[in-house]
Amino acid sequence: MAGKKTNKLKILNDPIYGFITIPNALIFDLIEHPYFQRLRRISQMGMSNMVYPGANHTRFHHAIGCMHLMQKAIRVLRFKGVEISEEEENAVCIAILLHDIGHGAFSHALEHSIVAGISHEEISLKFMEVLNREFKNKLTLAIQIFKGKYHRNFLYQLISSQLDMDRLDYLKRDSFYSGVTEGNIDSDRLIAMLNVKDDQLVVEEKGIYSVEKFIVARRLMYWQVYLHKTGLVAENILVKVLKRAKELATTNSNLSSSSAFNFFLTNEITVQNFTDETLTIFSKLDDYDVLSSIKEWMNHEDIVLSKLSKSLIERKLFKIEIQSNSFDNQLIESKKEKIQEKFGIKKDMIDYFFITDEISNQAYDSSKNQIHILYKDGTVKDIVEASDHLNLQALSRPVVKYFMSYPKTSL
């Protein structure tokens, strides 16, 4: 008896866009693949749920949303006479669907600690290349576009630019799940205003105010959500936990963790040694491995690991001070000494409990892949030049702030 044929033209219900259609069997099979399903277990916003309890959505949500916006953008551009073949449409939808597939557990914290020798973009590409072999080279064009090697540049800009489908989805989605309404951009209007001129993605003149709102929303989301002081502390403590765990794991300390997690704790990861075998192990690692290990480490004999793990799990987070100028070195040293004394921390361990760093927020960078405004007479201007919004020039300059973070009262 012949095997039952699966209906692959599914519809997903998204709380933001409503029904999302999976366009074909290849994209359905990619979504069903264990590599992609892993994204259900990777949070989109890292430790932000320590501040915004609703921010528990995943990278799976985000990737599906990006694909949906890409379908809309292709429809709009075709309607305006831009020729896009079915093969190109499929490739650009696959490229945006898989653009974040290389993110690890708690994304940026992992990249700054135990998988520091390779970026998530490079891992995404490795995943895509393995999938391409598995799917008999059906992803070749998608990979070309993803790498910016395809001759039609505007397709790459839809995936990676300052007004790409990735940003349009994550701002709207993160705003929705965090409840921070300032980030709620009008993605429909922005997409409806897209066009192509001389192989560059442009926004028609009447969409200028939507672009202004998008840039302002991005700035507000960074300060209010992505760089929120409490989320910042939690993320930095997580990085310290992972670094300490890696330090202990390499000295054969008794550390309980999943086999996939253990591999990355006990090995130095670089671009050169990140083989297909490493990729397979990486594909088994997610937020659940990290959290369940940290819960165990609360009782570990190493005082640094146990205290930091407890701080994170019980949400007894450090105090943080943020200012526009860098902190005086003498002030930092005296604070460190006080904390050492107060909590009985050895001098060589103080950097685990006293964190100093800087954060930067640049809502728009006019020095690279600018957002271009297309006028009725065919001329094109950068949004900063085109806008009469006084703040836009200010928003195109990076704002840097400095912080120091340390335990409040008890450890």
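The numbers here are math on the coordinates, done by the rules we state, and not lab data. Quick caveat, the model's predicted, so the values are computed rather than measured. No Cβ is skipped: glycine too gets one built from the backbone with ideal geometry, and neighbour counts run over all protein chains shown.
With all pairs of separate Cα atoms included, the stretch 52-91 yields a Kirkwood hydrodynamic radius of 11.9 Å.
The charge dipole of the stretch 174-227, taken about its Cα centre with unit charges on the Cβ atoms of Lys, Arg (+1), Asp and Glu (-1) only, comes to about 160 debye.
Using C-alpha pairs below 8 Å separated by at least 6 residues, the relative contact order for the chain is 16 percent.
From most to least packed by mean Cβ count within 10 Å, the peptides 257-263, 38-44 give 38-44, 257-263. The mean sequence distance of close C-alpha pairs (under 8 Å, at least 6 residues apart), as a share of the length of the stretch 130-179, puts its relative contact order at 16 percent. Net charge dipole, the stretch 1-69: roughly 220 debye, given to the nearest 20, about the Cα centre with Cβ charges of +1 for Lys and Arg and -1 for Asp and Glu.
Counted by neighbouring Cβ atoms within 10 Å, the residues LEU110, LEU158 run from fewest to most as LEU110, LEU158.
Each Lys and Arg Cβ is given +1 and each Asp and Glu Cβ -1; about its Cα centre, the chain then shows a dipole of about 860 debye.
Lysine pair count for the stretch 1-137 with Cα-Cα distance under 27 Å and sequence separation of 8 or more or different chains is 9. Pop the C-beta distance of GLU268 and LYS376 into the FRET formula with R0 = 51 Å and round what comes out to the nearest 0.05. The value I calculate is 0.35.
When you work out D = kT/(6 pi eta Rh) for the stretch 273-351 at 20 °C and 1.002 mPa s, using the Kirkwood radius from C-alpha pairs as Rh and the Stokes-Einstein form, the result is 136 µm²/s. Reported value for the stretch 48-148: 121 Å³ per residue, from the convex hull of its C-alpha atoms. When only C-alpha pairs under 8 Å and at least 6 residues apart count, what is the relative contact order of the stretch 133-251, in percent? It comes to 18 percent, rounded to a whole number. Ordering LYS336, LYS295, LYS307 by the number of other Cβ atoms within 10 Å of each residue's own Cβ, fewest first, gives LYS295, LYS336, LYS307.
Treating each Cα of the chain as one equal point scatterer and applying the Debye formula with no solvent, the log10 of I(q)/I(0) at q = 0.06, 0.08, 0.13 Å⁻¹ comes out as -0.28, -0.49, -1.19. Over the residues of the chain, the helix contribution to mean residue ellipticity at 222 nm works out to -14000 deg cm²/dmol, using -39500 (n - 2.57) for each DSSP H run of at least 4. Restricting the stretch 45-139 to GluC sites (Glu not before Pro) that sit in a DSSP loop and have at most 16 other Cβ atoms within 10 Å of their own Cβ leaves GLU83.
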